[in-house]
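Each remark here refers to the structure printed beneath this line.
The values are calculated or read from the model by the stated rules, or taken from the named source; none is laboratory data. If you're wondering where the values come from, they're calculated on a predicted model, not measured in any experiment. Every residue, glycine as well, gets a Cβ built from its backbone with ideal geometry; the counts of neighbours run over all protein chains shown. Heavy atoms of the whole protein, side chains included, go into the accessibility calculation; ligands, DNA and RNA do not. Shrake-Rupley method; radii C 1.70, N 1.55, O 1.52, S 1.80 Å.
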Amino acid sequence: MDEDHMRREAADEEMINEAYDRLISDYLKSRHRKKVDLIAKAFNFARQAHKGVRRLSGEPYIMHPIAVAQIVCSEIGLGSTSICSALLHDVVEDTDYTVEDIENMFGPKIAQIVDGLTKISGGIFGEQASAQAENFKKLLLTMSEDIRVILIKIADRLHNMRTLDSQPANKQYKIAGETLYLYAPLAHRLGLYKIKSELENLSFRFEHPEEYAAIERKLEATEMSRHQSFDQFTAPIEEMLQHMGIKYEIRERVKTPYSIWSKMQKKNVTFEEIYDILAVRIIFTPTSRETEAKECFNIYVELSQIYRSHPDRLRDWVNHPKANGYQALHVTLMSKQGHWIEVQIRSDRMDEIAEQGLAAHWKYKEGDEYSEDENELNEWLHTIKEILDDPQPDAMDFLDAIKLNLFASEIFVFTPKGEIKTMPADCTVLDFAFSIHTFLGSHCIGAKVNHKLVPLSHRLNSGDQVEVLTSKSQHVQPSWINFASTAKAKAKIQAILRRESREKQKVGEEMLEVWLQKNGYEPTQAIADQLARFHEAGRREEFYQSLGEKLIVLGDSDLDELKGKNKKKGDGNGGGWRRYVPFVKSKKSEEAPKEDNNLFIVPDKFNRKKTIYITDQNITQYLFPDCCHPIPGDDVLGYIDNKNRIEIHKRACPVANKLKASYGNRILDVKWDMHKKLFFDATIRMTGIDRRGLVNDVTRVISNQMSVDMRKMMFTSEDGIFEGSIEMRVHDREDVREIMNSLKQVEDLKEISQIM
């Protein structure tokens with residue numbers, strides 16, 4: 001063995017031992033029962049099993065399980081069972097050891113958790129991850145067995161995100177998209193606020209590096225003025241708390257780059273226009289557990305003597321905790337500088353639960369030591385189990401249903417008998433009916449809310465008393481899906497509609513058979529498909545259903561179709577995507593690239609890690625979906641569709657987010673290499689206060705922009721409010737930004753946004 005190799009081995013050993021010592025040190029500081037021998041045994045076993053293997057970053061593989069165990073211990077607050085499972089989580093998948101080997105050495109509980117982690121890990125970094133949604137189903141099913149499986153999985157994902165630099169770009173988009181779509185909402189639902197924020201931020205950093213860096217720079221530049229605002233705002237509060245004799249801590253909470261960017265996108269505002277970047281957190285030590293709620297409100301009463309509070313923005317999560325256990329009192333106060341600032345009032349216990357989530361509950365059990373075996377599963381698992389018990393044909397529908405529940409915040413609704421039901425915000429009477437019983441939901445005709453008659457679609461508010469009204473003659477309607485918002489209601493409605501739809505399809509299939517035999521044809525699937533195409537029904541099943549519902553009546557034209565007498569219809573694409581044939585800058589007098597009949601088809605041995613460059617010459621070889629309308633300058637990625645063609649999506653496009661989560665191995669890294677030769681469509685919308693000469697000012701700004709070609713303008717004015725939209729042709733996103741920035745200088749224009 002040469003000297004360099006020995007030096008490297010010694011350095012690796014030192015690094016591994018340091019990481020393990022830090023883990024044990026943090027574990028010994030906790031209130032868990034001390035089982036250091038068991039953790040040492042798991043560490044040595046995993047170290048031996050992964051010996052000689054390295055990660056893409058070049059470090060020894062064992063550093064990853066140690067890092068996951070460190071997160072599980074220090075950041076989630078779990079004990080020896082979870083730490084051992086984290087250390088062993090990749091052993092069964094990556095080595096020759098089996099779950100039985102783990103059980104023999106570490107007992108059934110650790111073996112069960114490792115088995116759960118092995119089952120759900122298939123394809124997270126592998127090439128065979130065509131259905132991340134299916135993995136997610138497995139993940140949730142395993143969760144019902146032991147919540148620690150998902151907590152360790154989230155820790156595993158957090159460490160993978162922290163070390164994502166070593167992955168190629170297409171893998172980065174896939175993993176970041178999957179994290180934003182699946183893991184961040186899961187962490188949020190389990191109350192792991194800190195981890196959820198870090199997962200979102202890391203995903204944002206890898207998907208939109210330039211925008212992330214720009215927000216970071218602006219946060220840094222405004223740090224000094226933020227500190228001054230914080231000091232000025234909190235000085236009288238500190239005086240008040242000291243006067244009350246409360247032991248407290250006041251913290252400055254700054255919005256994360258991801259949540260700033262999300263708000264910028266949703267509200268079409270700039271960084272400078274976001275006023276709630278700063279929030280204040282008051283964390284106090286209560287006199288006793290029994291009085292902490294009362295003390296929260298005492299602080300609020302005193303605060304409202306100093307600052308004016310916003311009456312509509314008082315959130316009482318103290319008496320009505322969120323489903324993930326979160327408790328705090330949120331109030332919004334007007335600062336002396338004229339800004340609304342949110343203040344979160346929490347006890348130290350509430351603060352720990354807010355940061356560490358479900359796991360922190362165990363810390364507040366009676367006794368000096370506590371065991372993590374006393375885990376309390378949240379109610380939402382039951383909703384998920386119900387969805388899983390009714391298998392859906394489309395994994396993507398399932399994901400959307402889960403997301404509805406993961407992100408929802410809660411309201412409190414009363415039954416006629418005065419029982420409290422927790423429901424997601426924005427839920428309707430129909431959601432409430434299905435939450436009580438499927439029969440009640442499927443026969444619901446309306447409700448009495450606070451003794452007033454309301455329809456099925458009526459949205460409920462916190463504190464409403466709801467009496468559901470039913471009728472035996474009522475049946476589930478397809479339109480109901482539009483005003484059901486909970487996962488449970490949507491899943492039940494779809495299940496009932498599918499069942500009814502299958503019955504109608506059967507009737508239609510039988511009608512077709514009778515008609516074909518009557519006209520001397522043998523019923524075959526090929527004939528059914530031909531007639532389905534003729535009637536422009538998407539699939540054979542839709543055609544059968546239309547027949548069963550008597551929306552299609554078979555006649556002479558169908559016979560002509562079978563005999564080949566009808567003229568061939570054009571083979572146009574059915575929408576959903578388009579081919580770019582961009583316009584060309586007139587002064588160059590170049591011809592527009594002709595649409596290439598042969599789209600680029602991905603060959604079998606295609607290197608998916610390699611970056612694809614879109615140029616002025618090859619742009620027509622790709623598909624540009626209508627969902628997000630990408631133009632040069634946008635952060636984009638490629639997706640290999642079922643016909644091996646490449647679709648180009650914006651990285652932040654909702655459709656692309658689903659694709660990253662469900663078809664990660666088909667994602668490609670794409671960059672623009674355009675040279676301002678071609679034009680692309682863009683539309684800008686604006687609103688403002690109407691005045692004479694405003695239209696003139698707007699058109700002057702745009703006509704001064706040499707690289708822009710105005711195509712269509714629409715302006716309206718009503719009651720002194722000006723609204724307008726301008727359709728134009730631009731070279732890239734930079735042109736759009738320049739125009740929008742110039743328009744912001746026009747006096748009386750208040751809002752300027754781009755329509756996708």
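When you check Met244 against the structure, is it surrounded by fewer than 12 Cβ atoms within 10 Å (Cβ to Cβ), over 24 Å from Ile195 (Cβ atoms) and either among the charged types (D, E, K, R) or modelled with pLDDT of 90 or more (or both), yes or no?
For Met244, the condition - surrounded by fewer than 12 Cβ atoms within 10 Å (Cβ to Cβ), over 24 Å from Ile195 (Cβ atoms) and either among the charged types (D, E, K, R) or modelled with pLDDT of 90 or more (or both) - is not met.
Taking the range 329-358 on its own, how many of its residues are on the phi > 0 side of the Ramachandran plot and either surrounded by 18 or more Cβ atoms within 10 Å (Cβ to Cβ) or in contact (Cβ under 8 Å) with a residue 12 or more places away in the chain (or both)?
Number of matching residues: 1.
Just give me the residues in the range 601-621 being in contact with a Lys or Arg (Cβ under 7 Å, 6 or more places away or on another chain) and assigned to a loop (DSSP other than H, G, I, E, B), in sequence order.
Listed by number, the residues that qualify are Thr611, Asp616.
Restricting the range 451-491 to residues that are polar (S, T, N, Q) and within 18 Å of Ile411 (Cα to Cα), which is least open to solvent (accessible area, probe 1.4 Å)?
For the range 451-491, the residue satisfying everything is Thr486.
Could you run through the range 247-263 and say how many residues are without any contact (Cβ under 8 Å) to a residue 24 or more places away in the chain and either touching a strand residue (DSSP E or B) at 6+ places or on another chain (Cβ under 7 Å) or open to solvent by 40 Å² or more (accessible area, probe 1.4 Å) (or both)?
The total comes to 1.
Answer yes or no: is there a residue in the range 295-308 that is over 22 Å from Lys247 (Cβ atoms), open to solvent by 30 Å² or more (accessible area, probe 1.4 Å) and not in a helix (DSSP H, G or I).
Scanning the range 295-308, I find at least one residue that is over 22 Å from Lys247 (Cβ atoms), open to solvent by 30 Å² or more (accessible area, probe 1.4 Å) and not in a helix (DSSP H, G or I), so the answer is yes.
Go through Lys119, Lys51, Lys138 for me and flag whichever is surrounded by fewer than 21 Cβ atoms within 10 Å (Cβ to Cβ), in contact with a strand residue (DSSP E or B) (Cβ under 9 Å, 6 or more places away or on another chain), at negative phi and at pLDDT below 90.
Selected residue: Lys51, the only one of Lys119, Lys51, Lys138 that is surrounded by fewer than 21 Cβ atoms within 10 Å (Cβ to Cβ), in contact with a strand residue (DSSP E or B) (Cβ under 9 Å, 6 or more places away or on another chain), at negative phi and at pLDDT below 90.
Quick one: Gly720 ticks every box in (1) at positive phi; (2) surrounded by 15 or more Cβ atoms within 10 Å (Cβ to Cβ) except a single one, so which number is it?
Failed condition: (2).
Determine which member of the set Ala447, Ala495 is open to solvent by less than 80 Å² (accessible area, probe 1.4 Å) and touching a strand residue (DSSP E or B) at 6+ places or on another chain (Cβ under 8 Å).
Only one candidate passes the filter, namely Ala447.
Checking the conditions here, which among Gly508, Gly548 is modelled with pLDDT of 85 or more and buried (at least 17 other Cβ atoms within 10 Å of the Cβ)?
After applying the criteria, what remains is Gly508.
Output the residue which, of all residues in the range 673-698 that are in contact with a Lys or Arg (Cβ under 9 Å, 6 or more places away or on another chain) and of a type in the set (Lys, Arg), is surrounded by the most Cβ atoms within 10 Å (Cβ to Cβ).
The qualifying residue surrounded by the most Cβ atoms within 10 Å (Cβ to Cβ) is Lys677.
Hey, Tyr275 hits all of (1) touching a helix residue (DSSP H, G or I) at 6+ places or on another chain (Cβ under 7 Å); (2) open to solvent by 40 Å² or more (accessible area, probe 1.4 Å) but one; which does it fall short on?
The number of the failed condition is (1).
Among the residues in the range 71-79, are any part of a helix (DSSP H, G or I), modelled with pLDDT of 90 or more and among the polar types (S, T, N, Q)?
Within the range 71-79 (the criterion being part of a helix (DSSP H, G or I), modelled with pLDDT of 90 or more and among the polar types (S, T, N, Q)), the answer is no, since none of the residues qualifies.
Of all residues in the range 741-756, count the ones that are under 16 Å from Asn696 (Cα atoms) and of a type in the set (A, V, I, L, M, F, W, C).
3
The rows are residues; the columns are (1) surrounded by fewer than 24 Cβ atoms within 10 Å (Cβ to Cβ); (2) under 21 Å from the mean Cα position of the chain (by Cα); (3) β-branched (Val, Ile, Thr).
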site: Asp635; (1), (2), (3): yes, yes, no
site: Arg645; (1), (2), (3): yes, no, no
site: Pro654; (1), (2), (3): yes, yes, no
site: Lys660; (1), (2), (3): no, yes, no
site: Ile667; (1), (2), (3): no, yes, yes
site: Lys671; (1), (2), (3): yes, no, no
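Considering each of Lys41, Lys35, Lys29 in turn, give the residue that is at pLDDT below 90 and surrounded by 11 or more Cβ atoms within 10 Å (Cβ to Cβ).
Step by step, each of Lys41, Lys35, Lys29 is checked, and only Lys35 is at pLDDT below 90 and surrounded by 11 or more Cβ atoms within 10 Å (Cβ to Cβ).
Just to check your reading of the model, which residue among His675, His629 is at positive phi, out of contact with any Cys (no Cβ under 8 Å at 6 or more places or on another chain) and touching a residue at least 24 places away in the same chain (Cβ under 8 Å)?
Every option except His629 fails the conditions.
Among Met728, Met714, which is of a type in the set (A, V, I, L, M), open to solvent by 10 Å² or more (accessible area, probe 1.4 Å) and assigned to a strand (DSSP E or B)?
Just a single option satisfies the conditions, and that option is Met714.
If you check Asn597, Asn607, which single one turns out to be open to solvent by 30 Å² or more (accessible area, probe 1.4 Å), over 20 Å from the mean Cα position of the chain (by Cα) and at pLDDT below 85?
Selected residue: Asn597, the only one of Asn597, Asn607 that is open to solvent by 30 Å² or more (accessible area, probe 1.4 Å), over 20 Å from the mean Cα position of the chain (by Cα) and at pLDDT below 85.
Scan Arg157, Arg217, Arg189, Arg148 and give me the residue that is closer than 26 Å to Ile83 by Cα and either small (Gly, Ala, Ser) or at pLDDT 90 or above (or both).
From the options Arg157, Arg217, Arg189, Arg148, the qualifying one is Arg157.
Can you find, within the range 96-110, the residue that is farthest from His159 (Cα to Cα) among those that are modelled with pLDDT of 85 or more and either among the β-branched types (Val, Ile, Thr) or assigned to a loop (DSSP other than H, G, I, E, B) (or both)?
Gly107
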